[in-house]
Amino acid sequence: MNIVFLGPPGAGKGTQAQALAQRHGMIQLSTGEMLRSAVRAETDVGLRAKAIMEKGKLVPDAIVVDIIATRLLEPDCAGGFILDGFPRTLAQAAVLDTLLERLHKSLDAVIEIKVDDDALIDRLSGRFSCAKCGIGYHDRYRQPKTAGVCDVCGSKEFARRADDIPETLKSRLMAYYRETAPLIGYYFAQGKLRSLDGMAPIDEVQLQIERYCQALRLEQHQGHGEAGADQDPAGRAKSQPKARCI
Ligand SMILES: [Zn+2]
């Protein structure tokens, strides 16, 4: 299975992608990590990316796609891959489609993790952690038992990520709605979109993804074996694009 995860920052895409990859022997592809390793390995494309990054510029889509293309040809990707930070724009989605076609691969599904914006900001913006042992706390939901002292290691030093400040979170959310949210319509039209409630507990979200992937496997299996396989297991015609809540 080849899958893309969509969702705003903080929705838990990375966590879910990692768990799914481990369960199914798929490879989780992070564009940031692929870029860094291409730069380290000093490949042609890595050197081009490095020159651009050293000028403080954003690496263009064409280079990112070259790096993804190279990675997808490695044998460990044969069991399926998961992308969770790419594509971020309609232009990138179109380029990805062209690339996959060229490699005789395709996306099986795009899983959108939906969130409630205010609840997401509330959940993320109060986070802080112990600077020594790293255990997580929250201003409203999980304060240390003794104010200012870590429950676990007794340290009095705490850290807060710049990303967890409400203003930063809001501007990242706005960037998501402006640039990435149009992909929801794009993949809906391709009949690949599956949306689920990302505000549910992590385990429950994981279970929904797992159920969905099993259904997808079953559909693919039947699709290969039967001539009239235009029905999914629930008996619904699957010729029309549709989004299913799972
Ligand atoms: Zn601690």
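Yes or no, residue by residue, for (1) buried (at least 17 other Cβ atoms within 10 Å of the Cβ); (2) within 16 Å of the ligand (Cβ to nearest atom); (3) over 28 Å from G85 (Cα atoms):
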{"residue": "S129", "(1), (2), (3)": "yes, yes, no"}
{"residue": "G136", "(1), (2), (3)": "no, yes, no"}
{"residue": "K145", "(1), (2), (3)": "no, yes, yes"}
{"residue": "V149", "(1), (2), (3)": "no, yes, yes"}
{"residue": "G154", "(1), (2), (3)": "no, yes, yes"}
{"residue": "M174", "(1), (2), (3)": "no, no, no"}
{"residue": "A189", "(1), (2), (3)": "no, no, no"}
Selection from region 123-140 of residues that are farther than 17 Å from G14 by Cβ, in contact with an Asp or Glu (Cβ under 9 Å, 6 or more places away or on another chain) and of a type outside the set (K, R): S125, G126, F128, C130, A131, I135, Y137
Residue check for F128: in a strand (DSSP E or B) and not aliphatic (A, V, I, L, M): yes
Residue that is modelled with the lowest pLDDT, among those in region 192-229 that are surrounded by 12 or more Cβ atoms within 10 Å (Cβ to Cβ) and farther than 21 Å from L20 by Cα: A229
Test: A38 is touching a residue at least 60 places away in the same chain (Cβ under 8 Å), small (G, A, S) and open to solvent by less than 20 Å² (accessible area, probe 1.4 Å): no
Hits in region 148-184 - residues which are among the hydrophobic types (A, V, I, L, M, F, W, C), in contact (Cβ under 8 Å) with a residue 24 or more places away in the chain and not in a helix (DSSP H, G or I): F158, A159, I165
Check on E101, more than 16 Å from the ligand (Cβ to nearest atom) and exposed (fewer than 14 other Cβ atoms within 10 Å of the Cβ): yes
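Each row is one residue, and each column tells you yes or no for (1) open to solvent by less than 80 Å² (accessible area, probe 1.4 Å); (2) closer than 30 Å to I202 by Cα.
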{"site": "K55", "(1), (2)": "no, no"}
{"site": "D66", "(1), (2)": "yes, no"}
{"site": "C77", "(1), (2)": "yes, yes"}
{"site": "R88", "(1), (2)": "no, yes"}
Qualifying positions in region 7-25 - in contact with a Phe, Trp or Tyr (Cβ under 6 Å, 6 or more places away or on another chain) and open to solvent by less than 10 Å² (accessible area, probe 1.4 Å): P8, A17
Some residue of region 21-35 being in contact (Cβ under 8 Å) with a residue 12 or more places away in the chain, more than 22 Å from K105 (Cα to Cα) and of a type in the set (S, T, N, Q): no
Looking only at region 156-172, and only at residues there that are open to solvent by less than 90 Å² (accessible area, probe 1.4 Å) and out of contact with any Ser or Thr (no Cβ under 8 Å at 6 or more places or on another chain), the one that is nearest to the ligand (Cβ to nearest atom): D163
Residue list for region 104-126, restricted to those being surrounded by 13 or more Cβ atoms within 10 Å (Cβ to Cβ), out of contact with any strand residue (DSSP E or B) (no Cβ under 9 Å at 6 or more places or on another chain) and among the aliphatic types (A, V, I, L, M): L120, I121, L124
Residue in region 107-117 that is on the phi > 0 side of the Ramachandran plot and either within 16 Å of the ligand (Cβ to nearest atom) or part of a loop (DSSP other than H, G, I, E, B) (or both) present: no
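The values are calculated or read from the model by the stated rules, or taken from the named source; none is laboratory data. All values reported here derive from a predicted model rather than from experimental measurement. A quick note on method: Cβ atoms are made from the backbone with ideal geometry, for glycine too, and the neighbour counts reach across all protein chains shown. For the accessible areas, the whole protein counts, side chains as well, though only heavy atoms, and no ligand, DNA or RNA atoms are used. Shrake-Rupley method; radii C 1.70, N 1.55, O 1.52, S 1.80 Å.
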